[in-house]
Amino acid sequence: MCGIVGYIGTAEATPLLLEGLRRLEYRGYDSAGVTVCANGSLDTRKMAGKIIDLEQAIGGNLPKGTLGIAHTRWATHGAPTSNNAHPHFNAAEDIAVVHNGIIENASVLRQKLEELGHLLRTETDTEVLALLIDEAYDDNLEEAVAAALQQVEGTYGIAVVSSRDPDKLVAARNGSPLLLGIGENSLFVASDAAAIVEHTRDVIYLDDGELAVLDRHGYRTSDLRGRPLTKEVSRVSWDLGTIERGGFPHYMLKEIFEQPDSVRDTMRGRLLVEQGTARLGGLSSCLPSQDIGKYNRIVLTACGTSWHAALIGEYMLEEFARIPVETEYASEFRYRDPVLDERSLVIAISQSGETADTLAAIREAKEKGAKVVSIVNVVGSSIARAADCGVYIHAGPEIGVASTKAFTSQVVALALITLYLSTQSEPLLEQAAVAEALHRLPDQINQILGRNDEIRGMAERYHLNKNFLYLGRGYNFPVALEGALKLKEISYIHAEGYPAAEMKHGPIALIDENMPVVFIAPRGRVYQKILSNIEEVKARGGRVIAITTEGNGELDRLADHIVTVPTTHEMLQPVLTVIPLQLLAYHIAVLRGCNVDQPRNLAKSVTVE
Ligand code: G6P
């Protein structure tokens, strides 16, 4: 959460910084600010509100200069006010800091600083950084930053400028993502490549405990003790076009419509249809498929939508690889001293690759000797690097805060891993069927997208309802959870996902004509069971929306609305059944006038615990 961007070069900094902030806005959007360093002073504009509010406030009166830093905030310490907006300063206002992360010992440091006579003017944890740098300053900015950071506990990605050392930008990272962009006559620092990809695709991913100095002569990297480090320059594989809205009114809709391609990209070069297996280069050396017998337990761990994908993976892996599998919320898993050893395989799933709880769960698992595999979208992210090895989903940048295309690609990646790990086990025929079904998924997703208007019509009918229930069984129970999450995230309608059979143990009490119940009911092993649950809802006057497979006329008499999806292998059906639910949530949110891409209180990347 929070996005930071910094620039030093020959062009005016403010337009580049504001544009960078716009591309990072998905990380947080409750306040924003920019500081430019020129002619021996710092010119700052910051305020509560979105980037567009800041841009309007600045108008034509841009801070002038070719060196600056900027920030878009998702509040943790202190309300989202103009005063708490970044950058933060020392008393003389000649050192400016932008920060993403949490300084955990901020209150101790505040007290210490107050005892030294400093007056703290904001409620943020970041202000202490500016004051510590001020205390440590002795005519060299990077040394002061390094000295300050050595007193700090917690996580940070920071960028610092000072009019006392006016041609320098200092950046450092511990636990919050930060990269350098290496352009021609220009250097950048950013939380994410999206902020700078228009200007350069050559980046250096900073690791924890590293510091970078960007000045008029170039850049250098070191540890906090000043020992120089040589870092590899990587090339970002996507460009600006990939992160523009491409004619869609919202990123979320664009990303829903990208799913035929994103799912295809997840499988590209990996799915061997004829052999009924998958080739996963990222796993072959650290988890050769024949070694799966060494493990007696698989734990899948993730947060949010990625956790829903993990639940589907649990069903797949248990069914095919025949190993006990559990799915754990990363935030719970790490705090209960899990029983893990070298016979445990942990699979961590994350779109951003930066979710703090998932990262911490990986560290816990590694400490206990478990093998850790990641399934991540963002290349070079912290989780990808912390794991022993992994599989990138290659879904492309996901900007909409509500995750859509990452979810379907995560499920597909889990199916590939299932094929990869189950090559030793029977029945091979089943694996061939799964491989064949995976191959057909992109076209089948396209067919469902063709029903967008139909789903919008349904949204018109239901967008004023206050509560929704989503019910599914087996592989489609996690889809019920995901459908409910999508709706509540972006439309602020209360929605619950439940295993359909559990309805009788509570939620059935809520059912009346004002409660739409969305059943995910494709034909399959549990279809007859879910049919009984639909009857039970109907008998109590509930409104039924059914997602079922094409050619199933049986629900016509029971459901108020039906959306059909093509039939695929049962374990892959979630990739198809979730798509109408993404569209339903999207259209309901738009009809309710909600900000689909930037729902209130949420952020795309949760880098705080
Ligand atoms: C946030 C996002 C969700 C996402 C979750 C986990 O809550 O808003 O869309 O599912 O974090 O994020 P990750 O990047 O680890 O998948």
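Figures for the structure shown
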| read-out | value |
| --- | --- |
| Test: residue 480 is buried (at least 24 other Cβ atoms within 10 Å of the Cβ), under 29 Å from residue 541 (Cβ atoms), touching a Leu at 6+ places or on another chain (Cβ under 7 Å) and at pLDDT below 95 | no |
| Some residue of region 35-52 being in contact with a Pro (Cβ under 9 Å, 6 or more places away or on another chain), among the aliphatic types (A, V, I, L, M), touching a residue at least 12 places away in the same chain (Cβ under 8 Å) and open to solvent by less than 20 Å² (accessible area, probe 1.4 Å) | yes |
| Residues (out of contact with any Leu (no Cβ under 9 Å at 6 or more places or on another chain) and of a type in the set (A, V, I, L, M, F, W, C)) located in region 572-608 | 578, 594, 602, 603, 606, 608 |
| Subset of region 79-104 [over 26 Å from residue 51 (Cβ atoms) and at pLDDT 95 or above] | 91, 92 |
| Conditions (1) more than 10 Å from the ligand (Cβ to nearest atom); (2) open to solvent by 10 Å² or more (accessible area, probe 1.4 Å); (3) not charged (D, E, K, R); number of the one not met by residue 316 | (2) |
| Boolean, residue 138 is free of Cβ contacts under 8 Å to residues at least 60 places away in the same chain and open to solvent by less than 70 Å² (accessible area, probe 1.4 Å) | no |
| Filtered residues of region 184-194 (kept if crowded, with 22+ Cβ neighbours inside 10 Å and over 16 Å from the mean Cα position of the chain (by Cα)) | 187, 188, 189, 190 |
| Matching entry among 567, 548 (being part of a loop (DSSP other than H, G, I, E, B) and either more than 16 Å from the ligand (Cβ to nearest atom) or not aliphatic (A, V, I, L, M) (or both)) | 567 |
| Residue match in region 417-435 (condition: within 15 Å of the ligand (Cβ to nearest atom), open to solvent by less than 30 Å² (accessible area, probe 1.4 Å) and at pLDDT below 95) | no |
| Any pair with Cβ under 9 angstrom, 6 or more apart, that starts in region 339-350 at a residue that is away from the ligand (no atom under 16 Å from the Cβ) and ends at one that is in a loop (DSSP other than H, G, I, E, B) and of a type in the set (Lys, Arg) | 339/368; 340/368; 341/368; 342/368; 344/368 |
| Helices (runs of 4 or more DSSP H) within region 247-298 that include 3 or more residues surrounded by 14 or more Cβ atoms within 10 Å (Cβ to Cβ) | 251-257, 259-267 |
| Options 343, 363, 334, 322; residue that is closer than 30 Å to residue 487 by Cα and either more than 17 Å from the chain's Cα centre (by Cα) or open to solvent by less than 20 Å² (accessible area, probe 1.4 Å) (or both) | 334 |
| Pair list, Cβ under 9 Å, 6 or more apart: region 247-260 residue over 17 Å from residue 594 (Cβ atoms), other residue of a type in the set (Ser, Thr, Tyr) | 258/404; 259/404; 259/408; 259/409 |
| Region 460-473, residues that are open to solvent by less than 30 Å² (accessible area, probe 1.4 Å) and closer than 28 Å to residue 329 by Cα | 468, 469, 470, 471, 472 |
| Residue identified as assigned to a helix (DSSP H, G or I) and under 18 Å from the mean Cα position of the chain (by Cα) among 582, 598 | 582 |
| Per-region count, region 351-366, residues among the charged types (D, E, K, R), touching a Leu at 6+ places or on another chain (Cβ under 9 Å) and within 14 Å of the ligand (Cβ to nearest atom) | 0 |
| Residue in region 166-183 that is touching a helix residue (DSSP H, G or I) at 6+ places or on another chain (Cβ under 8 Å), β-branched (Val, Ile, Thr) and either buried (at least 19 other Cβ atoms within 10 Å of the Cβ) or in contact (Cβ under 8 Å) with a residue 60 or more places away in the chain (or both) present | yes |
| Count - residues of region 573-594 that are touching a residue at least 60 places away in the same chain (Cβ under 8 Å) and either surrounded by fewer than 21 Cβ atoms within 10 Å (Cβ to Cβ) or not hydrophobic (A, V, I, L, M, F, W, C) (or both) | 11 |
| Filter result (in a strand (DSSP E or B) and either farther than 19 Å from residue 231 by Cβ or out of contact with any Ser or Thr (no Cβ under 8 Å at 6 or more places or on another chain) (or both)) within region 135-157 | 154 |
| Residue 93 vs. criteria open to solvent by 30 Å² or more (accessible area, probe 1.4 Å), farther than 27 Å from residue 188 by Cβ and among the charged types (D, E, K, R) | no |
| Residue count, region 236-246 (criterion: open to solvent by 80 Å² or more (accessible area, probe 1.4 Å) and within 19 Å of residue 393 (Cβ to Cβ)) | 1 |
| Region 370-389 residues that are modelled with pLDDT of 95 or more and open to solvent by 20 Å² or more (accessible area, probe 1.4 Å), paired with ones that are of a type outside the set (Asp, Glu) and in a loop (DSSP other than H, G, I, E, B) (beta carbon under 6 Å, 6 or more apart) | 388/286 |
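The values are calculated or read from the model by the stated rules, or taken from the named source; none is laboratory data. Predicted model only: the values in this text are computed from it and were never measured. Positions of Cβ are backbone-derived with ideal geometry, glycine not excepted, and every protein chain shown enters the neighbour counts. Areas reflect the complete protein model, heavy atoms only, side chains present, ligands, DNA and RNA absent. Shrake-Rupley method; radii C 1.70, N 1.55, O 1.52, S 1.80 Å.
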